[in-house]
Amino acid sequence: MSEKPEIYSGPERVFSGVQPSGALHLGNYLGALKKFVSLQDEHDCVFCIVDLHAITVWQDPADLARQTRHIAAAYLAAGVDPKKAIIYPQSRIKAHTELAWYFNCVARMGWLNRMTQFKDKAGKNSEKMSIGLYDYPVLQAADILAFKGTHVPVGEDQKQHLELSRDIAAKFNNDFNAPGFFPLPEPLIKGPGARIMSLRDGTSKMSKSDPSDNSRINLTDDADQIAKKIRKAKTDAGVIPDNAEELAERPEVSNLVGIYAALSGQSEADVLKEYAGQGFGAFKPALADLTVAKIAPITNLMKRYISADDEIDAILARGADAAEEIATPIVSDVRDIIGFWKV
Ligand code: AMP
Ligand code: TRP
């Protein structure tokens, strides 16, 4: 009989990441950054800038470091405090790529074949995609588990990737007779803001890669741009409904109400109570004012950080050292568990 505990009993740790592959938008803020800030006071937090994930599709080498600083600026401007949470770029820590290889030998082809994000991104061109794009969720599992991350704040689109991380952790623990070595990381997804949709189409998510800039509110948009995009947001001829059932059948309206709720910290039911029966002529300006009030301070701070490379670089370098201290011994234990030769 093994003396080892069957389930992970180590400390809790929050881990998440954002790719440096384009301007951040309201969906990233509400689905991820805002949650990071709310977790950092009570939890041990590691927030990575996942540049290894970004290069699964082409990134201009002349731009990658700048994009990485840009995400760091967004973290800081949103309120992530480097005194409380570790912020660092993924490529600086070798543990990610090393553990990803070990996990490549644990994860099964069938598991990856089911990943809908790969299918969405690759479309009919899967033969022409990088192997990295296919393997992306395995690297994501390595990110989290190199830190024994137990809780992962992400938007709803990451749910399937998190399930894969759990499967990989469980199979590793089982295959190598190391019960409880890795935690089974739990996604923190719930709440309004977990799935912000395009302002032009309530059935597709707000995304960096949507060709229409009017589909999203960028964290770099100014007050006029925000107000204009909300004014132009697709709605219907009706008024704000008074119940969740009707709201669910009107995706564009549901999205705007969800954004209002997420930004104001209210429930959707409260927003419906306040605005039921009103037309969009009244609701949209209220939503625009709220969005500007919440986003403009972040935009302004981001600009300040973007022009302070030295400050950002110092924070990232310190973060990388702190991250390395956590991840290196964990991956070293993995090597022992696998049974590699050592002296
Ligand atoms: P990415 O930009 O793909 O690296 O995503 C960074 C974080 O933002 C992840 O936690 C995503 O789940 C989250 N996210 C991206 N798009 C949205 C969206 N439209 N609504 C809510 N969360 C999102
Ligand atoms: N795949 C995530 C996204 O696109 C980014 C990511 C990479 C991540 N590694 C992670 C998120 C680890 C959480 C934990 O949004």
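Here, each number is a calculation from the coordinates, and none is a lab measurement. Every value quoted in this text rests on a predicted model; they were computed, and no experiment measured them. Reconstructed Cβ throughout: ideal geometry from the backbone, glycine too, with neighbour counts over all protein chains shown.
For the chain, give the magnitude of the charge dipole about the Cα centre (Cβ charges: +1 Lys/Arg, -1 Asp/Glu; no others), in debye to the nearest 20.
On the way: 40 positive and 46 negative charges, 122 e Å.
The calculated dipole for the chain is roughly 580 debye.
Using r as the Cβ-Cβ distance of residue 239 and residue 300, and R0 as 35 Å, what FRET efficiency do you calculate, to the nearest 0.05?
Values: r = 35 Å, r/R0 = 0.99.
Rounded to the nearest 0.05, the efficiency is 0.50.
Just from its helices, what would the mean residue ellipticity at 222 nm be for the chain, if runs of 4 or more DSSP H residues each count -39500 (n - 2.57) and the sum is divided by every residue, rounded to the nearest 500 deg cm²/dmol? Walk me through the intermediate numbers first.
Working: 14 runs with 173 residues, N = 343.
Roughly -16000 deg cm²/dmol at 222 nm, from the helical runs in the chain.
Treating the chain as a set of equal point scatterers at the Cα positions, no solvent, please give the Debye-formula log₁₀ I(q)/I(0) at q = 0.09, 0.12 Å⁻¹.
Summing over Cα pairs of the chain leads to -0.52, -0.89.
If I stretch the segment between residue 332 and residue 190 completely, what's the gain in nm (0.36 nm per residue apart, minus their alpha carbon distance), one decimal?
On the way: separation 142, 0.36 × 142 = 51.12 nm, distance 3.42 nm.
Fully extending the segment from residue 332 to residue 190 adds 47.7 nm.
Fully extended, how many nm does the chain gain between residue 207 and residue 122 (0.36 nm per residue separation, minus their Cα-Cα distance)?
On the way: separation 85, 0.36 × 85 = 30.60 nm, distance 1.56 nm.
Going from the current span to full extension adds 29.0 nm.
Of all DSSP beta bridges located in the chain, what percent are antiparallel, nearest 5? Show your work: numbers first, answer last.
On the way: 2 of 16 bridges.
The answer is about 10 percent antiparallel.
Suppose R0 equals 45 Å; then what is the FRET efficiency for residue 321 and residue 108 from their Cβ-Cβ distance, rounded to the nearest 0.05? Show your work: numbers first, answer last.
Numbers: r = 35 Å, r/R0 = 0.79.
Efficiency, rounded to the nearest 0.05: 0.80.
Count charges around residue 316 for me, please; just the other residues with Cβ under 12 Å from its Cβ, Lys/Arg as +1, Asp/Glu as -1. Walk me through the numbers on the way to the answer.
On the way: positive: 69, 92, 318; negative: 51, 309, 310, 311, 313, 321.
Once positives and negatives cancel, what remains is -3.
So, R0 is 30 Å and r is the distance between the beta-carbons of residue 249 and residue 273; what FRET efficiency does that work out to, to 0.05? The partial results should precede the final answer.
On the way: r = 19 Å, r/R0 = 0.63.
Once rounded, the FRET efficiency stands at 0.95.
Of 86, 49, 315, which has the largest mean-square fluctuation in a 10 Å C-alpha GNM of the chain?
Result: 315 has the largest fluctuation of those listed.
Give me the one-decimal nm value for the distance between modelled label points at residue 159 and residue 129, 7 Å along each residue's Cα-to-Cβ direction.
For residue 159 paired with residue 129, the spin-label model returns 2.0 nm.
May I ask you to compute the full-extension gain from residue 7 to residue 289, defined as 0.36 nm times their residue separation minus their alpha-carbon distance, rounded to one decimal in nm?
Numbers: separation 282, 0.36 × 282 = 101.52 nm, distance 4.81 nm.
Full extension from residue 7 to residue 289 adds 96.7 nm.
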